[in-house]
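A quick write-up on the structure given underneath.
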Amino acid sequence: MTQTEINLEIVVPTHTRYLRLIGNIAEQLARELQDYAGDREILAYHLNLVLTEAIANAIQHADQDDAHKMVRVIIHLEDKNLCIQVYDQGKGFDLAEVSCPGPEELCERGRGIFFIRTIMDSVDYHKTEGGNVLEMRKKLA
């Protein structure tokens, strides 16, 4: 029988001031993982980047003027399988239509999904009853 090692849920308003807090939580999580044989500092950096990008996208595409909208993050780790879900209440987008930026496209924006896809093993985005969810998975073995 498997046991869940970590099950964490964070809910914050759609304000960018929470990005650093969520990124720091992701970093600390990576540093505290038991039985992780890889480089914890690289994992900490990657999880910070992935969560910060995902939440920034959720905030950017949600209605920031509506104080009632929230971003919800669920981090679930079971048997060295990390699942991160970022829920938003925005309009959503089609993940399949987000292309990889070329090397000549050195703009500051538009690389978040590219980074997320590069770092994580699988990425899925779909509508839910109350909005959307970006689900990212990574095997930590």
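Assorted remarks:
- Consider region 1-54 and keep the residues that are in a helix (DSSP H, G or I) and aromatic (Phe, Trp, Tyr). The one that is nearest to ASN81 (Cα to Cα) is TYR45.
- Boolean, PHE93 is at negative phi, touching a Cys at 6+ places or on another chain (Cβ under 8 Å), surrounded by 13 or more Cβ atoms within 10 Å (Cβ to Cβ) and modelled with pLDDT under 90: no
- Residue that is modelled with the highest pLDDT, among those in region 43-70 that are of a type in the set (Gly, Ala, Ser), under 12 Å from PRO13 (Cβ atoms) and in contact with a Gly (Cβ under 9 Å, 6 or more places away or on another chain): ALA58
- Filtered residue count, region 111-129, keeping only those that are buried (at least 17 other Cβ atoms within 10 Å of the Cβ) and outside any strand (DSSP E or B): 5
- ASP39 vs. criteria on the phi > 0 side of the Ramachandran plot and exposed (fewer than 13 other Cβ atoms within 10 Å of the Cβ): no
The values are calculated or read from the model by the stated rules, or taken from the named source; none is laboratory data. From a predicted model like this one, the values you see are computed outputs, not experimental measurements. Every residue, glycine among them, receives a Cβ derived from its backbone with ideal geometry; neighbour counts consider all protein chains shown.
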